[in-house]
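Below is one structure, written out as structure tokens; the observations come after it.
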Amino acid sequence: MAIDVRSHKVIAQWKVHDDLQGLTLDSGRGFLFVACGDHVVSLDVSDNGRVIDSIVTGPGLDNIDFSSEQKVLYAAASVTATLSIVEVGDDGKFRLKALVPTVKGARGVVAGKDEMAYLIDPADGCILKVIWK
């Protein structure tokens, strides 16, 4: 859904999945990434929300994050206990760079500097720091 921030009116609606969990934006290239239960969808916001690509990340997906510096999407799946590290090309298509084991229940992810991400581990009440190369 697109909303005009001045008028507060809905100007477009895009249906991608019934189980929407989170989203993040690559504002520089105009891609919107939507977490949908067990996969992430890439949309072209300048082309009426056209679906560009999709990648399965595993069940238990919640919020996702994008590093515009690295052009990398992070998606943590709590059921499979994995962090998908996904390169996003200039065409909005996904390429899996790494699948990193985490812990059951870890699902919230925040992109850090360089090749770093942080995940919430609610079972142990801590934050996981992931560095990948």
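The numbers here are math on the coordinates, done by the rules we state, and not lab data. On a predicted model such as this, the values are computed, not experimentally measured, just so you know. All Cβ positions, glycine included, derive from the backbone under ideal geometry; neighbour counts span all protein chains shown.
Checking a compactness column here: for the chain, what do you get for Rg(Cα) / (2.2 N^0.38 Å), N being the number of residues?
1.05
Computed on the chain, with alpha-carbon pairs under 8 angstrom and 6+ residues apart, the relative contact order is 15 percent. With 32 Å as the limit on Cα-Cα distance, the pairs of LYS9/LYS93; LYS9/LYS133; LYS9/LYS113 that go past it are LYS9/LYS133; LYS9/LYS113. Under the simplified labelling scheme, the VAL51-LEU99 pair shows an inter-label distance of 2.1 nm, with each label point 7 Å from Cα along Cα→Cβ.
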